[in-house]
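Visitor: Have a look at this one.
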Amino acid sequence: MHPQSWKISLLSAACGVLLAPVAAQVPAAEPPGSADLHARIDQLADVVEPEVIANRRYLHQHPELSNREFETEKFLVKQLKALGYEVQSGIAHTGVVAVLRGGKPGPVVALRSDMDALPVAEEVDLPFKSTVRSTYDGKDVGVMHACGHDAHMGVLLGVAHIFAQLKDQLPGTVKLIFQPAEEGTPKGEQGGAELMVKEGVLTADPKPEVIFGLHVLTKFETGQLAYRAGAIWASADDFTVVVHGKQTHGAMPWNGIDPIVIAAQIVMGLQTITSRQMDLTKAPVVVTVGKFDAGVRNNIIPDTATLKGTLRALDETMRQQLHDDVQRTATNIAAASGATVDVDIGSESAYPVTYNDPKLTARMLPTLKRVGGDGLLETAPLMGAEDFSFFQQKIPGLYVFIGVRKPGASQDEYAPNHSPRFKVDETGLKLAVRTLANLTVDYMSGAAAGAGAGGLQ
Ligand SMILES: [Zn+2]
Ligand SMILES: [Zn+2]
């Protein structure tokens with residue numbers, strides 16, 4: 001752990017001391033879920049805000065790549081233990097699960113933050129800019145929290161602190177899930193949400209009923225809270241098509257089978273899946289070939305050509321149809337010219353659709369309205385992807401977006417996620433804290449009031 005982390009830990013401890021008297025000044029909230037409890041959350045969100053930002057900055061300066069979040073894990077464990085949580089670490093390599101049992105009976109609610117950074121060299125000039133370097137895919141790379149997962153961890157630690165203060169009034173149990181490797185694992189490794197689910201994070205005691213998560217995006221302005229029932233992120237499946245032809249002299253193509261021309265036909269053929277084969281009134285799909293690799297010199301027709309791409313869908317049935325269509329289109333175009341293909345789909349990454357349970361979304365909409373106010377908006381789905389979807393395949397989940405672009409600022413200044421110029425307007429993080437904390441207590445209170453524990457039937 002970097003020495004500076006101790007400073008932040010001390011700062012957090014100081015906040016803890018500071019919090020106690022503040023919390024004590026607030027009248028006891030009766031019944032739970034009442035306006036009093038909401039007011040206390042808002043008040044505590046103000047108090048923890050500096051700590052959220054400080055923790056986020058520390059993590060920003062110390063980013064780690066997917067499945068390598070070792071120091072991040074230690075940092076989280078230390079903070080969560082200090083707040084009185086039951087903490088388990090080493091889940092799905094470096095994942096951390098922290099549980100707080102409230103003073104009143106009620107359902108178990110899971111909240112999730114991702115943990116990993118990206119192989120991106122930071123170009124933003126900040127006092128806490130990352131200068132970390134590491135190795136990715138055999139190459140020396142800069143490492144940066146260019147997707148804002150540092151902010152997510154800071155936010156969830158802030159929420160953890162609020163619940164530690166409200167423990168006695170909490171009508172249920174919170175299970176905080178800090179998840180490694182959202183951005184994908186190094187080659188040949190398992191990880192991320194899929195592995196956490198396999199390791200039983202949603203089935204082990206205490207077993208959560210629902211899960212909430214969010215992402216900070218510079219697509220939205222600070223103060224904006226964007227939601228959508230149903231698909232909010234797409235599925236993402238990588239694919240590879242290897243065309244097997246027959247090598248020959250470039251001057252006499254009739255003596256061989258040219259895989260480059262066939263692969264070019266396949267590129268065009270794949271586009272007709274989107275334009276001619278999918279029911280686009282249902283949902284859009286995207287087929288992108290991002291890599292075309294073949295040949296060594298001008299006058300040799302090679303044996304093989306390789307295409308690599310990504311498939312995006314917003315509906316699991318259409319996703320499966322895409323897989324079948326890619327396989328059939330590539331196989332038959334190749335066969336028309338006497339070539340064969342090997343088609344691989346999803347062996348490098350295969351994320352399901354991030355699907356907000358419509359009943360859960362409807363149930364939590366009053367909370368989103370109250371917390372988001374004028375900043376609440378219903379968003380169109382985004383064609384990016386998230387492995388939060390693996391949690392949602394097991395239990396109902398709701399996932400929202402939080403704006404972190406200064407109002408009026410351009411996306412040149414606040415570049416999109418994954419850019420080396422990605423920047424977070426930290427004043428937007430308090431809304432993220434309030435959103436997660438309020439969703440949790442309102443779900444719990446609703447269950448206590450008879451909306452039904454497991455009441456999503
Ligand atoms: Zn990302
Ligand atoms: Zn992300």
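Visitor: Distance check, please: which entries in LYS198/LYS359; LYS78/LYS167; LYS282/LYS308; LYS198/LYS406 exceed 30 angstrom between their Cα atoms?
Guide: Flagged as over cut-off: LYS198/LYS406.
Visitor: A further question follows. Cα-based Rg (one decimal) and Dmax (whole number) for the stretch 235-350, in Å?
Guide: Rg and Dmax of the stretch 235-350, Cα atoms, are 14.9, 48 Å.
Visitor: Moving on to the next point. Exactly which trypsin sites (Lys or Arg not before Pro) in the stretch 157-197 are in a DSSP loop and have at most 11 other Cβ atoms within 10 Å?
Guide: Working: sites: LYS167, LYS175, LYS187; in loops: LYS187.
Filter output for the stretch 157-197: LYS187.
Visitor: Where does helix 35-61 land angle-wise versus the long Cα axis of the chain, in degrees 0 to 90, nearest 10?
Guide: With both axes taken from Cα atoms, the answer is about 50 degrees.
Visitor: Could you order peptides 331-337, 382-388 by the average number of other Cβ atoms within 10 Å of their residues, highest first?
Guide: Most protected by this proxy first, the peptides run 382-388, 331-337.
Visitor: Another one. So how far apart, in nm, are the two label points at LYS246 and VAL286 if each is 7 Å from Cα heading toward Cβ?
Guide: In this crude label model, LYS246 to VAL286 measures out at 4.0 nm.
Visitor: Determine the per residue accessible area of the stretch 235-350 with all protein chains present and a 1.4 angstrom probe, expressed in square angstrom.
Guide: That works out to 51 Å² for each residue.
Visitor: When the solvent-accessible surface of protein heavy atoms is calculated with a 1.4 angstrom probe, in what order do GLU316, GLU49 fall, highest first?
Guide: Result of the area sort, largest leading: GLU316, GLU49.
Visitor: Also: Quick one: which residues, 5+ away or cross-chain, put their amide H under 5 Å from the amide H of GLU64? H built at 1.01 Å from N.
Guide: ALA117
Visitor: Right, something else. If you roll a 1.4 Å probe over the stretch 131-269 with all protein chains in place, what percent of the accessible area is carbon or sulfur?
Guide: Exposed carbon and sulfur together represent 52 percent of the surface.
Visitor: Here's a follow-up. Can you give the accessible area per residue of the stretch 157-230, in Å², using a 1.4 Å probe?
Guide: For the stretch 157-230, the solvent-accessible area averages 30 Å² per residue.
Visitor: Moving on. If you line up the long axis of helix 358-372 against the longest principal axis of the chain, both from Cα atoms, how many degrees apart are they, to the nearest 10?
Guide: Roughly 60 degrees, rounded to the nearest 10.
Visitor: Between helix 429-446 and the chain, what is the angle of the helix's C-alpha long axis to the longest principal axis, kept within 0 to 90° and rounded to the nearest 10?
Guide: Result, in degrees: 70.
Visitor: Quick one: order SER130, SER349 from most to least accessible surface, probe 1.4 Å. Before the final figure, lay out each step's value.
Guide: Numbers: SER130 10, SER349 45 Å².
My answer, sorted largest first, is SER349, SER130.
Visitor: Related question: How fast does the stretch 31-170 diffuse by Stokes-Einstein, in µm²/s, taking the Kirkwood radius from C-alpha pairs at 4 °C and 1.567 mPa s? Intermediate results must be reported in sequence, preceding the final value.
Guide: Working: Rh = 16.2 Å.
My calculation gives 80 µm²/s for D.
Visitor: OK, next. Among the DSSP beta bridges whose two residues both lie in the chain, what percent are antiparallel, rounded to the nearest 5?
Guide: In the chain, DSSP labels about 65 percent of beta bridges as antiparallel.
Visitor: From the gyration tensor of the Cα coordinates in the chain, what semi-axes in whole Å does the equivalent ellipsoid have, largest first, with each one equal to sqrt(5λ)?
Guide: 45, 24, 19
Visitor: Give me the accessible area of LYS81, 1.4 Å probe, in Å² rounded to the nearest 10.
Guide: Taking all protein chains as shown, LYS81 has close to 130 Å².
The values are calculated or read from the model by the stated rules, or taken from the named source; none is laboratory data. From a predicted model like this one, the values you see are computed outputs, not experimental measurements. A quick note on method: Cβ atoms are made from the backbone with ideal geometry, for glycine too, and the neighbour counts reach across all protein chains shown. Side chains are part of the model used for accessible areas, which takes the heavy atoms of the whole protein and leaves out ligands, DNA and RNA. Shrake-Rupley method; radii C 1.70, N 1.55, O 1.52, S 1.80 Å.
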